[in-house]
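Everything below concerns the one structure shown next.
Rule-based calculations on the coordinates, nothing more; no lab input. Keep in mind that this is a model prediction, so the values were computed, not measured. Neighbour counts run over all protein chains shown; Cβ positions are idealised from the backbone, glycine included.
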Ligand SMILES: [Zn+2]
């Protein structure tokens, strides 16, 4: 029976690397699969998934207005016309950028097309607010796993802090700013509070900075 999996973790927790290793292992064993990624993340160019370790592979780029269930049905028709088996697995990179509706569509891919779907993504944005795609995955996924990474202080990193060119944490701005390694830092909640307090000029008091959650 197919399942919907959500594997989440902060930046630099090897999510894309794990996805690519899964893809490689399916390929090696001749198991049909498909890699997809929301088109909003075009850091590596449209239609490419890549990891910091240097691996990369082509994928299907999905716009936010695409019905993923309809897309998969058409894809299956296409591959079966070509005499190939339908995918047994769909691997989704950067799944936080899926819309909530698309996550439900992926759950239909699992339930009605009997295809396993593994979504990799961030839990929250740079102000600790849950992404829509991740929230819906948390709500309806069959199986949820966390990839852990340590903060520089040794605690578990849970915040994807956005960093400006001077190395200071950014506490306001657009929710989605696609950037490279130097633009985000995975830190623990405590270090984040201290960095945010410092950015607001309260470095002596280590004051907790209230997050704008609206
Ligand atoms: Zn820390």
Out of 111, 93, 65, a Gaussian network model of the chain with alpha-carbon springs under 10 Å gives the largest mean-square fluctuation to 65
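So if we plug the beta-carbon distance of residue 84 and residue 147 into 1/(1 + (r/R0)^6) with R0 = 25 Å, what FRET efficiency do we get, rounded to 0.05?
On the way: r = 32 Å, r/R0 = 1.27.
It comes out at approximately 0.20.
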What's the center-to-center distance, using Cα atoms, between the stretch 4-35 and the stretch 142-190 in Å? 21 Å
Relative to the chain, whose Cα atoms define the longest principal axis, helix 15-28 and its Cα axis are tilted in degrees, nearest 10, by 20 degrees
The chain: antiparallel bridges as % of DSSP beta bridges, rounded to 5, reads 35 percent
Among 16, 51, 25, whose mean-square fluctuation peaks in a Gaussian network model of the chain (Cα, cutoff 10 Å)? 25
Length-normalised contact order of the chain, Cα under 8 Å, at least 6 apart, in percent, tallies to 24 percent
Using a Gaussian network model of the chain with C-alpha springs under 10 Å, which one of 74, 160, 116 is most mobile by mean-square fluctuation? 74
Helix axis angle, 68-81 relative to the chain longest principal axis, alpha carbon, degrees: 40 degrees
